1. Out of the stretch 27-61, which residues are under 20 Å from Thr79 (Cα atoms) and among the aromatic types (Phe, Trp, Tyr)?
2. Are any residues in the stretch 55-67 part of a strand (DSSP E or B) and either of a type in the set (Ser, Thr, Tyr) or more than 24 Å from Ile115 (Cα to Cα) (or both), and if so, which ones?
3. For the stretch 32-44, does any single residue satisfy the condition of being more than 11 Å from the chain's Cα centre (by Cα), among the aromatic types (Phe, Trp, Tyr) and not in a strand (DSSP E or B)?
4. Could we say that Lys44 is of a type in the set (Lys, Arg) and either surrounded by fewer than 15 Cβ atoms within 10 Å (Cβ to Cβ) or free of Cβ contacts under 8 Å to residues at least 12 places away in the same chain (or both) here?
5. Being touching an Asp or Glu at 6+ places or on another chain (Cβ under 8 Å), more than 16 Å from Gly119 (Cα to Cα), among the hydroxyl-bearing types (Ser, Thr, Tyr) and modelled with pLDDT of 95 or more: is that true of Thr70 here?
6. Looking at (1) in a strand (DSSP E or B); (2) over 21 Å from Lys93 (Cα atoms); (3) among the polar types (S, T, N, Q), which one does Gln52 not meet, given that it meets all the others?
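The values are calculated or read from the model by the stated rules, or taken from the named source; none is laboratory data. Everything numeric here is computed off the predicted structure, so don't read it as measured data. All Cβ positions, glycine included, derive from the backbone under ideal geometry; neighbour counts span all protein chains shown.
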Amino acid sequence: MKHLIISSLIVAFFLACNSIKAKDEIISFISGTYITYYENEFHKTHDTLIIQENTAAQNVFEITRRYYYTTVVDGRELTPTYKKEALTALFDKEHNILTDQQHGSIISFDIQRKILKRGNREYKKID
């Protein structure tokens, strides 16, 4: 019985360590620059997210979103419109996601593919 309890504790310890390692891996992956491009018959959009961990608050990330889009009218591209947003997101340790506090959007990460998912958009990490 003693061996069973000790074995169970050892297994629980290793599982806890692996869980902590996975969370640390995601937190260290989050900071960086992500880009995407999408278009439809009305717009062409270039979108960039720059994410940095807020060192003053735990589990808080600052996101700068810079994007521009070109409206297409009758097959002709109009002058591009440039936009910049400053966002704050909270990291959810349990689900390994960021929640954008201004828009409520969920941001998830795929470390192996080096992508960020925000809504139905995928952004590629470039640094």
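1. Hits for the stretch 27-61 are Tyr37, Tyr38, Phe42.
2. Filtering the stretch 55-67 down to residues part of a strand (DSSP E or B) leaves 60-67.
Across the stretch 55-67, the qualifying residues are Thr64, Tyr67.
3. yes
4. Working: of a type in the set (Lys, Arg): yes; either surrounded by fewer than 15 Cβ atoms within 10 Å (Cβ to Cβ) or free of Cβ contacts under 8 Å to residues at least 12 places away in the same chain (or both): no.
In short, no.
5. Details: touching an Asp or Glu at 6+ places or on another chain (Cβ under 8 Å): yes; more than 16 Å from Gly119 (Cα to Cα): yes; among the hydroxyl-bearing types (Ser, Thr, Tyr): yes; modelled with pLDDT of 95 or more: yes.
Yes, satisfied.
6. Answer for Gln52: the failing condition is (2).
Rundown of residues vs (1) in contact with a Pro (Cβ under 8 Å, 6 or more places away or on another chain); (2) among the acidic types (Asp, Glu), yes/no style:
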| position | (1), (2) |
| --- | --- |
| Thr55 | no, no |
| Asn59 | no, no |
| Glu62 | no, yes |
| Tyr68 | yes, no |
| Val72 | no, no |
| Thr79 | no, no |
| Leu87 | no, no |
| Glu94 | no, yes |
| Ile97 | no, no |
